[in-house]
Each structure stands twice: as C-alpha cells, then as structure tokens.
Amino acid sequence: MRLKSGLAWLWLAVLFIALDRYSKGWVVSHLSLHEPLEILPVFDLTLAYNTGAAFSFLHSMSGWQNLLLGGLAVIISIAVLIWLSRTSIKEWWLNIALCLILSGALGNAWDRALYGYVIDFLSFHLGGWYFAIFNVADSAICVGAFMLIWYWFRKSE
C-alpha cells in the first residue's frame with residue numbers, strides 16, 4: 001500500500017535527524033567547550049551546551065525548563081504528525097516544511113532527554129557582534145517555519 005498523505009515525506013525528517021545527530025556527535029568529539037574553530041572570518045564552530053531555549057532563554061533555571069521544552073517538542077511533534085497524516089502527498093512544500101520542523105523538534109528533544117541540554121555549535125559573528133550559537137535542528141526549525149509562513153501567504157492569495 002502506498003502512502004498518499006504527507007507521512008510519505010517522513011524520510012526527510014529522518015534524514016535531518018540523522019544529520020543533526022551526526023553533526024552534534026562530531027563536534028562533541030572534535031571540539032573543546034567554548035573554544036572556536038574558525039571556518040570563515042564570520043563563522044566558527046564553537047561547542048556550547050544550552051540548557052535553555054533560543055538565545056539561551058531560561059538557561060539559568062533549575063532544570064524544569066528541560067521538562068517544559070522537551071514536553072513542548074513532543075506535543076509539537078505529535079501535532080505535526082497528525083497534520084502530515086491529513087495532508088496530501090502532493091503538497092510537497094507544506095510537507096517539507098512540516099518535516100523540517102518535526103526533525104528539529106525531535107533533534108533538540110533528543111539532546112534534552114539524553115543530556116539535559118542542547119548541543120549547539122554554529123556560530124556566526126561580525127566584528128564584536130555574535131549571533132546566538134545554534135545547531136542543525138535549530139536551522140531545520142527556522143527554515144521549516146519560514147517555509148510554512150510562505151505557504152500560508154501564498155495560499156491566502
């Protein structure tokens with residue numbers, strides 16, 4: 001039986017989860033904490049452990065934030081899976097967006113469950129200004145969210 005729903009696109013989520021796990025494993029085994037490895041004048045690989053949310057929001061809390069953020073990721077993942085099951089396989093843009101969001105949510109939830117923090121390592125900067133350090137899962141969530149917003153704008157035209 002062939003899947004006719006957006007669940008047929010789950011291979012993409014699996015691919016990005018694997019890429020996220022591999023990249024995090026590589027940086028943990030090859031980099032020292034908070035010591036940048038310069039790749040470009042505006043980009044470093046810098047290992048950091050984030051116990052909070054985006055931009056280290058809630059990072060100084062006592063640990064409850066990991067349960068909250070991990071639980072939120074699981075709820076979002078379930079909602080995305082239900083959404084994918086109700087979406088036509090032909091709505092490729094929407095399905096890709098949802099699978100990227102799903103992979104990012106699960107990739108970071110995996111870290112929280114195993115370690116109590118999220119492994120971040122992508123660091124962009126210009127002069128003395130540094131953007132928040134992030135990872136492949138964060139990137140997938142952002143790209144998926146922008147794709148979803150674009151989808152909604154295009155659909156409302």
- Message: over 20 Å from L45 (Cα atoms) and among the small types (G, A, S): which single residue out of A132, A145, A140 fits that description?
- Response: A145
- Return yes when V74 is assigned to a helix (DSSP H, G or I) and modelled with pLDDT of 95 or more and no when it is not. no
- Taking only pairs six or more apart or across chains, which ones have beta-carbon atoms under 9 Å, a first residue in region 106-133 that is without any contact (Cβ under 8 Å) to a residue 60 or more places away in the chain, and a second residue that is of a type in the set (F, W, Y) and outside any helix (DSSP H, G or I)? Y130/F124; F131/F124
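Let's see how each residue does on (1) surrounded by 13 or more Cβ atoms within 10 Å (Cβ to Cβ); (2) part of a strand (DSSP E or B); (3) within 21 Å of the chain's Cα centre (by Cα):
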site	(1), (2), (3)
L3	no, no, no
L7	yes, no, yes
W11	no, no, yes
V14	yes, no, yes
I17	yes, no, yes
D20	yes, no, yes
G25	no, no, yes
S29	no, no, yes
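The values are calculated or read from the model by the stated rules, or taken from the named source; none is laboratory data. All figures in this text were calculated on a predicted structure; none of them were measured in a lab. In this analysis, Cβ positions are derived from the backbone assuming ideal geometry, glycine residues included, and neighbour counts consider all displayed protein chains.
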